Protein chains: 2
Amino acid sequence: VSFKKKALKSIRAEIITIGDELLIGQVIDTNSAWIGKQLSQVGIQVHQITSVSDEIGHMLDALVNALTRADMVLVTGGLGPTKDDKTKEMLCAFFGTSLEFSPEAYLDVESYFKKRGREVSDLNRRQAEVPGGCTVLSNKVGTAPGMWFEHQGKIIVSMPGVPHEMKFLMENEVIGRLKSHFHTPFILHRTLLTHGIGESVLAEKLEEFESKLPLGFQLAYLPSPGLVKLRLSATGEEAQVRVGMEELETRLTELVKDYLFGYDDDDIQSVLGRRLKALGWTISTAESCTGGTIGHLITSVPGSSAWYAGSTITYSYESKTRLLGVPADLIQKHGAVSEEVVLSMARNVREKLGTHCAVATSGVAGPGGGTPEKPVGTVWIGVALPDRIFARKLQLGDNRLITIRVASESALHFLRKALD
Amino acid sequence: VSFKKKALKSIRAEIITIGDELLIGQVIDTNSAWIGKQLSQVGIQVHQITSVSDEIGHMLDALVNALTRADMVLVTGGLGPTKDDKTKEMLCAFFGTSLEFSPEAYLDVESYFKKRGREVSDLNRRQAEVPGGCTVLSNKVGTAPGMWFEHQGKIIVSMPGVPHEMKFLMENEVIGRLKSHFHTPFILHRTLLTHGIGESVLAEKLEEFESKLPLGFQLAYLPSPGLVKLRLSATGEEAQVRVGMEELETRLTELVKDYLFGYDDDDIQSVLGRRLKALGWTISTAESCTGGTIGHLITSVPGSSAWYAGSTITYSYESKTRLLGVPADLIQKHGAVSEEVVLSMARNVREKLGTHCAVATSGVAGPGGGTPEKPVGTVWIGVALPDRIFARKLQLGDNRLITIRVASESALHFLRKALD
């Protein structure tokens, strides 16, 4: 009976992030949210996040306190080779051990520098020293090893604070170990990604669906500029949860099908890339106000050279004419931010690069350049296909970076929908 | 004597952010960093940031613990009109008081809804209830009032979690009150931004400098892919700190001058933009492996149309020839990822767009496309100026997104340095 109780009790984690730069606001702690998301997906509940200074006493205090409340403590930061990184010293003090050279960790350090054609300095050699008694977690993307400790039935993990190193360790070393160490409950998430509909309209549309969700199932709305994610979560007996989830996903998909573009970790650049690849099609882009962001998004997908031919970024009037052959008098007559110009841009880049399709943007990202007829946030998007060409106007807000981002993603969304 | 001691002791704050959404990673806590920056600018040191759930017991625990360490505790979140917002209940429990209707707070609530042409609902009327004994802090941009408590010589402030409401309260109500309530010490930070040198080489170079830092001064290394920030911090008597900081900054600047590109919140795209603007110069770019990221960075700076003409993104072989006129046999002979091709790209885009200078990139971002001679992470960068042209080769790692980012920033760094 006591075993069953234990298995049902939710597993509690705490996160400690280390570094004065977090406290003085020089760096925003994005690690904790990312870790929180990963842990909740495997049924581990984050109870508290604590950010502390680089002082050993303070770190130690935070660790001791966290262990009174939680089953595991994940620590990030303070593992660099310099003097102000003191996490390892703190861990040695906590466990009453001292640093030992780990040949295993050194292999990663050595290979990291070898790949970059550099020698390992004495300072970096010390990255391979870890507190006695820990399990080294192999860091293939940096020089500070992760460390795993078991202590009075609880787990302590130390990872570097550099986000991509922490993520590598979580994904490759930590999550799997935590799942097998703890008896985690079964939790299933499924996220539907929508574009082109606001949160409140969506909520009205889904009111009935939501009110009839079976016990153990939840629906959450996660809005961000330009899109709304719908996350279905369920916990319970695995087989039952899987069947229920499949049924709900089918119903929800039907309800939002006009806006749905992907699932879970998809993004529009990956979804569009897969679609183009399946069609054997290529794409080109002609960017003005988005300044390269569409190209940046498309090429962030590995393998995108299979479908992406290239782009022109025509930030000045003359460049639109020189690079793309947009007639100067067309720009003169309608203005650079116009349906006519954006259609000409899309048509010309498609022809020039000989691709199947193309998208183009021209707008006023701000803060300057707005007029009463074309206020800041006005963006025209053009889409060219083998058999047709069309343009759409967006009215976005006055935040430059958000306007650029939403306009760029919208261009890809309009094309994807046109390929349906 | 005792007074003097107290005046010299630094004032400690802690921040508590409330909300399950922070713990499950649905929302990144950006409030704490912003508050940390504001407080450290007025000489208040943030000792710890704690994020807790919406449970009253948990919040109470965090508040009690924070008060044992700090002179003031700033709490954000948990002040909405819905059931899961329980901060006021917690504060009542802590102070042993109950909620009282505040006519003063109600004026703000009423005027908020009036402006939007709406009536105040019963639910929203309750926003004007505050724990007895608190000072209401007027919130002109939302419906939840801020609250200021004095308790056994310490200060507790409660603010809404919505960033722009919290910021309004901090700027208009909190910071001024804190400055006059505490005898705050003077704190000064100065950050030097370096590129082109690793953390450990830098640390060796600065070992002597660091070991001879005067009392009250500290140096911290903040590395991220492609750059290392050096932060000098000092606390003490203002005039003395300013003189000492200026001297140290001059010495540190001299020691790292070959790598220094900016200070504090600068980034390379802003620094380069300011330099080009000062020169009255324009720039164009020709991107292959960086796929638009250089354009994306340049155009993230407001006003960049003054110096940025545009770009070609030539992701395919043919596009390099079609858009940029790179001779097909040059690509055939040397490969697209080569010094010859990247020089041709930089030269041609500069001429085509008639700009003063240009940068070009061509490389293997991976994961595919690597060869023994040109492994994944090989990137050539070309820089064209009115009187000269040069190329540099980088060997970056096997993380596609980091390679793209670091190559893009490096291109801007190489150009900036060439303009010195």
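On inspection, residue A:397 passes the criterion of being of a type outside the set (A, V, I, L, M), within 14 Å of chain B (Cβ to nearest Cβ) and under 20 Å from residue A:194 (Cβ atoms). Among (1) open to solvent by less than 40 Å² (accessible area, probe 1.4 Å); (2) at pLDDT 95 or above, which single condition is residue B:279 missing? Checking residue B:279 against (1) open to solvent by less than 40 Å² (accessible area, probe 1.4 Å); (2) at pLDDT 95 or above, the one that fails is (1).
Residue A:87 satisfies every condition listed in (1) within 24 Å of the chain's Cα centre (by Cα); (2) surrounded by 18 or more Cβ atoms within 10 Å (Cβ to Cβ); (3) polar (S, T, N, Q); (4) over 21 Å from residue B:62 (Cα atoms) except (1). Among the residues making up segment B:348-361, those that are part of a helix (DSSP H, G or I) and more than 16 Å from residue B:319 (Cα to Cα) are B:350, B:351, B:353.
Evaluating residue B:383 against the criteria (1) touching a residue at least 40 places away in the same chain (Cβ under 8 Å); (2) within 33 Å of the chain's Cα centre (by Cα); (3) crowded, with 20+ Cβ neighbours inside 10 Å leaves one unmet condition, (1). Here residue B:405 clears all of (1) within 12 Å of chain A (Cβ to nearest Cβ); (2) out of contact with any Pro (no Cβ under 8 Å at 6 or more places or on another chain); (3) crowded, with 19+ Cβ neighbours inside 10 Å; (4) within 16 Å of residue B:285 (Cα to Cα) except the condition numbered (2).
Out of contact with any strand residue (DSSP E or B) (no Cβ under 6 Å at 6 or more places or on another chain), buried (at least 16 other Cβ atoms within 10 Å of the Cβ) and charged (D, E, K, R), is that true of residue B:374? Criteria met by residue B:374. Yes or no: residue A:121 modelled with pLDDT of 95 or more and touching a helix residue (DSSP H, G or I) at 6+ places or on another chain (Cβ under 7 Å)? No: the conditions fail for residue A:121. Looking across segment A:139-150, just one residue is part of a loop (DSSP other than H, G, I, E, B) and open to solvent by 50 Å² or more (accessible area, probe 1.4 Å), and that is A:140. Only a single criterion out of (1) away from chain B (no Cβ under 11 Å); (2) within 25 Å of residue B:24 (Cα to Cα); (3) open to solvent by 30 Å² or more (accessible area, probe 1.4 Å); (4) not hydrophobic (A, V, I, L, M, F, W, C) is not satisfied by residue A:30, namely (1).
Looking at segment A:228-276, which of the residues that are of a type in the set (Ser, Thr, Tyr) and open to solvent by 50 Å² or more (accessible area, probe 1.4 Å) is modelled with the lowest pLDDT? Going through the qualifying residues, I end up with A:235. The helices (runs of 4 or more DSSP H) found entirely in segment A:1-94 that carry 2 or more residues being among the hydroxyl-bearing types (Ser, Thr, Tyr) are A:31-41. Among the residues of segment A:152-170, those identified as farther than 16 Å from residue A:32 by Cβ and at pLDDT 95 or above are A:154, A:155, A:156, A:168.
Pairs linking a residue in segment B:32-59 that is within 16 Å of residue A:14 (Cβ to Cβ) to a residue that is assigned to a helix (DSSP H, G or I) and β-branched (Val, Ile, Thr), with Cβ atoms under 9 Å and 6 or more positions apart or on different chains, are B:49/B:35; B:59/B:87.
Kindly evaluate residue B:368 against the criterion of being touching a helix residue (DSSP H, G or I) at 6+ places or on another chain (Cβ under 9 Å) and either more than 10 Å from chain A (Cβ to nearest Cβ) or modelled with pLDDT of 95 or more (or both). I'd like the intermediate steps shown before the answer.
Working: touching a helix residue (DSSP H, G or I) at 6+ places or on another chain (Cβ under 9 Å): yes; either more than 10 Å from chain A (Cβ to nearest Cβ) or modelled with pLDDT of 95 or more (or both): no.
So residue B:368 fails the test.
For segment B:356-366, filtered to residues that are open to solvent by 10 Å² or more (accessible area, probe 1.4 Å) and not small (Gly, Ala, Ser), the residue that is nearest to residue A:320 (Cα to Cα) is B:356. For residue A:276, the stated conditions do not hold, so it cannot be described as at the interface with chain B (Cβ under 9 Å from one of its Cβ atoms), over 23 Å from residue A:376 (Cβ atoms) and outside any strand (DSSP E or B). The residues of segment A:95-138 that are assigned to a helix (DSSP H, G or I), within 12 Å of chain B (Cβ to nearest Cβ) and open to solvent by 40 Å² or more (accessible area, probe 1.4 Å), listed by number, are A:111, A:112, A:114, A:115, A:122, A:125, A:126.
In segment B:173-184, the condition of being farther than 30 Å from residue B:218 by Cα and surrounded by fewer than 18 Cβ atoms within 10 Å (Cβ to Cβ) is met by no residue. For segment B:56-79, a tally of residues being open to solvent by less than 50 Å² (accessible area, probe 1.4 Å), over 17 Å from residue A:47 (Cα atoms) and over 28 Å from the mean Cα position of the chain (by Cα) returns 1. Residues that are in a helix (DSSP H, G or I) and either surrounded by 24 or more Cβ atoms within 10 Å (Cβ to Cβ) or within 7 Å of chain A (Cβ to nearest Cβ) (or both) within segment B:282-319 comprise B:293, B:294, B:295, B:296, B:297, B:298, B:305, B:319, listed in sequence order.
Scanning segment B:320-335 for residues that are modelled with pLDDT of 95 or more and surrounded by 24 or more Cβ atoms within 10 Å (Cβ to Cβ) turns up just one, B:326. Remark: pairs (first residue in segment B:360-377, touching a residue at least 12 places away in the same chain (Cβ under 8 Å); second residue of a type in the set (D, E, K, R); Cβ separation under 6 Å; 6+ apart in sequence or on different chains) = B:361/B:287; B:364/B:374; B:365/B:400; B:366/B:398; B:366/B:400; B:376/B:398; B:377/B:398. Pairs needed: first member in segment A:161-179, more than 10 Å from chain B (Cβ to nearest Cβ); second member anywhere, aromatic (Phe, Trp, Tyr) and open to solvent by less than 40 Å² (accessible area, probe 1.4 Å); C-beta distance under 9 Å; at least 6 residues apart or different chains. Pairs that qualify, where the first residue is more than 10 Å from chain B (Cβ to nearest Cβ) and the partner is aromatic (Phe, Trp, Tyr) and open to solvent by less than 40 Å² (accessible area, probe 1.4 Å), are A:173/A:148; A:174/A:148; A:177/A:148.
The values are calculated or read from the model by the stated rules, or taken from the named source; none is laboratory data. None of the values given here were measured: they were computed from a predicted structure. Neighbour counts are summed over all protein chains in view; Cβ atoms, including those assigned to glycine, are modelled from backbone coordinates with ideal geometry. Surface areas here come from the heavy atoms of the whole protein model, side chains and all, with no ligands, DNA or RNA. Shrake-Rupley method; radii C 1.70, N 1.55, O 1.52, S 1.80 Å.
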